[in-house]
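Encoded as structure tokens, the structure appears first; notes follow it.
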């Protein structure tokens, strides 16, 4: 078994964009430095971010359909030395560049399955063409992932999707992206509640993250309508205006907090009685893990990766998508069992940690020749 020291990360998503992929790469880089050696990263150049040590931006163009993202031109930057292994995080131009780079340098290549492309397709097309677009996405994914030596998937759901739905002939290991449990921990939320004028005399439910149609947040608004509970929504996104309109039309106490600084998140999670996560399109759902690490039980839709990330009766409860009654039942169960569930959430912190994930990655890396 070889000892892997330097791992080069290739990704089409990176800073200053903030999402689950960029968060994971940052966290893995930070921990890999203390665990083994360096993890240089190759990414598309974007305005507003200056590269640091061992960060290699390449020229980029605006991505179609997602103007906030950039597609890197397929070129390896100068100065990147041959690593012991390449890890590609996205199946686009820079992902393919990483595979070609690894093959030319005769080093192993691992890929992470962060995003289900066929799920994203339904955000842009519908009707008769949707099935054809999904089939194309799966053929594309199969072609990409069958070029690498090993794949990591953040949940069993994502692994099964790649093997069964995409029908890729690959070796896959479930490796959670992991979270920083030193940072995400139960804290005193008093000052946070005072800053945002949050009530303390009624159940407080919440969500933070992207406000997109695919996140299904209208179900959370419907669930608190007429209940006397308060729903707080952190984050922002293209669906925010519609969500604010829905909240204003309903008999629901919904507070829109806007984008929260990362330093505020432990207090946000700790302030909640229940974290509500109705999104059916997750490959892991890191915010559910962050809430759990802060001792807050999660109510999640029984779909996608949340069937793995939220353990029924231990870290929260799941509900059937579209059933507001079922969602309200799950919220009530969490409130009734809050002390027990919160204790079980805290006990799972070690399993959620990025250190646990890095240990698994190390075993995979070292096993590849």
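This ranking places 351, 229 by how few other beta-carbon atoms lie within 10 Å of each, fewest first, which gives 351, 229. Axis of helix 324-336 versus longest Cα principal axis of the chain: the two differ by about 80°, to the nearest ten degrees. If R0 is 22 Å, the Cβ-Cβ spacing of residue 323 and residue 250 corresponds to a FRET efficiency of close to 0.80. Rounded to the nearest 500, the helix-only mean residue ellipticity at 222 nm of the chain stands at -10500 deg cm²/dmol, with each DSSP H run of n ≥ 4 adding -39,500 (n - 2.57). Mean projected area of the Cα convex hull of the range 296-368, taken over all directions, amounts to 5.6 nm². For the chain, the longest principal axis of the Cα atoms and the long axis of helix 354-367 meet at an angle of about 30 degrees. Panel note: the C-alpha atoms of the range 219-302, placed on their principal axes, show extents of 34, 26, 26 Å (largest first). Its Cα gyration tensor gives the range 190-351 an equivalent ellipsoid; the semi-axes, largest first and in whole Å, are 21, 18, 16. Can you bin the chain into rounded, prolate or oblate? Criterion: square roots of the alpha carbon gyration tensor eigenvalues sorted a ≥ b ≥ c, rounded for a/c under 1.5, prolate for a/b above b/c, oblate for the rest. Prolate shape, in that a/c is at least 1.5 and a/b is the bigger ratio. When each of 357, 323 is scored by the number of other beta-carbon atoms lying within 10 Å, the sequence from fewest to most is 323, 357. Residues 23, 317 in ascending order of nearby Cβ atoms (within 10 Å, fewest first): 23, 317. Against the chain, whose longest principal axis is taken from its Cα atoms, helix 240-249 shows a tilt of about 10°. Compactness check for the range 7-83: Cα Rg over 2.2 N^0.38 Å is 1.08.
Defining a contact as two alpha carbons under 8 Å apart and six or more residues distant in sequence, what relative contact order in percent does the range 190-351 show? Reported relative contact order: 21 percent. Mind running the shape call on the range 138-251? Use the C-alpha gyration tensor, a ≥ b ≥ c as the square roots of the eigenvalues: rounded below 1.5 for a/c, prolate if a/b tops b/c, oblate otherwise. Prolate shape, in that a/c is at least 1.5 and a/b is the bigger ratio. Taken as Cα centroids, the range 1-68 and the range 232-250 sit 32 Å apart, rounded to the nearest whole angstrom.
Every number in this text was worked out from the coordinates using simple rules, so none of it is lab data. These numbers were taken from a predicted model, which means no experiment stands behind them. Glycine gets a Cβ as well: all are built from the backbone with ideal geometry, and neighbour counts include every protein chain shown.
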